[in-house]
Amino acid sequence: MLTKRIIPCLDVKDGQTVKGVNFQNLKYAGDPVSLAKKYSDEGADELVFLDITATNEKRKTIVELVEKVGREVFIPFTVGGGISDIEDIRQILAAGADKISFNSSAVKNPQIITDCVNYFGSQCIVVAIDAKKIDGEYYVHINAGQKNTGKKLLDWAKEAEERGAGEILLTSMDFDGTQKGFDIDMNNLVSKNVNIPVIASGGAGPKSEHFVEVFEKTQVDAALAASIFHFNTLPIKKLKEELLGAGIKTREI
């Protein structure tokens, strides 16, 4: 049985970790470097670091902060936010990241996925997708969820795979920060129709049952969460123990 991954997410704004609900009402959640080290030490399988306002503010990801986080963690580390070309990726990987994540820039210029895969390899390239359900259909949003692209979720996920992306980070805007559980329908739609790993994001609450459900009812390979780890309402070690009790294996702590 393949092991599932548990991934804390550090959403960073102005150099600090923040968290909101449905991409709104952000509040301070801690120092990203300290949190990254804590999660690495506690047995997280990977980390995701997202500079969530880099695209809207038309600036690059904070490379210096990436370097600080990279020095503190000993697990795979993905960085996203404001990445738009090969030089951006080179700098971020050199700063200590293992993978990079495209979102808005990939939607605006899909060829960048192909170009970067050819240059760095699929294993380095994650396509992050923020999706919202509108009139019964999931649509891709960009610019930190502010703009509906009109692209249908599954069409874009399949194109990302065809262009060589190694993984999809799939966030439900409707469930984000609600702590009512993952969007099973959305995660099913994508994970059953692509052949690359899918990370479920958006909606995890302080109940291991939410993780059990998304792993048992969909084909996602990993589950990402933020608030429950930042505020210690469901520590990683406890979550992994409860997952194992439910017959779901993760990397050993």
- Task: Name the residues whose placed amide hydrogens come within less than 5 Å of the amide hydrogen of Ala225, ignoring near sequence neighbours (fewer than 5 apart) on the same chain.
- Result: Ile7, Cys9
- Estimated dipole of the stretch 39-167 in Debye, rounded to 20 [Cβ of Lys and Arg +1, of Asp and Glu -1, Cα centre]: 500
- Listed by chain and number, the aspartates and glutamates with an alpha carbon less than 14 angstrom from that of Lys38, same-chain partners under 8 positions apart left out, are Glu46, Glu72
- Task: Would you mind getting me the FRET efficiency between Glu162 and Asp85? Use the beta-carbon distance for r and R0 = 25 Å, nearest 0.05.
- Result: 0.75
- Message: At 1.4 Å probe size, what's the solvent-accessible area of Thr178? Round to the nearest 10 Å².
- Response: 50
- Over what distance in Å are the Cα centres of the stretch 57-119 and the stretch 148-226 separated? 21
- Note on the structure: Sorted by chain and then number, the residues having a modelled amide H within less than 5 Å of the amide H of Asp51, at least 5 places away or on another chain, are Val12, Gly80, Gly81
- Query: log10 I(q)/I(0), Debye, Cα-only the chain, no solvent, q = 0.08, 0.13, 0.14 Å⁻¹?
  - Reply: -0.26, -0.74, -0.87
- Query: Relative to the Cα centre, what is the charge dipole magnitude of the chain, using +1 at the beta carbon of each Lys and Arg, -1 at the beta carbon of each Asp and Glu, and rounding to the nearest 20 debye?
  - Reply: 260
- For the stretch 119-196, Rg(Cα) over 2.2 N^0.38 Å is 1.09
- Unsatisfied cross-links (Cα-Cα over 30 Å) in the set Lys108/Lys207; Lys13/Lys249; Lys151/Lys249; Lys4/Lys133: Lys108/Lys207; Lys13/Lys249; Lys151/Lys249
- Item | With eigenvalues of the C-alpha gyration tensor scaled by 5 and rooted, the stretch 163-253, Å | 21, 15, 12
- If you average the sequence gap of Cα pairs under 8 Å that are 6 or more apart and divide by the length of the chain, what percent do you get for the contact order? 19
- Note on the structure: Expected unfolding gain across Arg71-Lys192 under the 0.36 nm per residue rule, minus the alpha-carbon gap, is 39.9 nm
- Query: How big is the C-alpha Rg of the stretch 34-137 next to the rule-of-thumb value 2.2 N^0.38 Å, as a ratio?
  - Reply: 1.11
- Message: Quick check: at a probe of 1.4 Å, how many percent of the accessible area of the chain sits on carbon and sulfur atoms?
- Response: 47
- Estimated distance in nm for a label pair at Thr149 and Ala94, the labels positioned 7 Å out from Cα along Cα-to-Cβ: 2.9
- Task: Could you pull out every residue, at least 5 positions away or on a different chain, whose amide H is within less than 5 Å of the one on Phe77? Hs are placed 1.01 Å off N in the peptide plane, and Pro or chain starts have none.
- Result: Leu47, Asp98, Lys99
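The values are calculated or read from the model by the stated rules, or taken from the named source; none is laboratory data. Everything numeric here is computed off the predicted structure, so don't read it as measured data. A quick note on method: Cβ atoms are made from the backbone with ideal geometry, for glycine too, and the neighbour counts reach across all protein chains shown. Remember, those area values only see protein heavy atoms, side chains included, never the ligands or the DNA or RNA. Shrake-Rupley method; radii C 1.70, N 1.55, O 1.52, S 1.80 Å.
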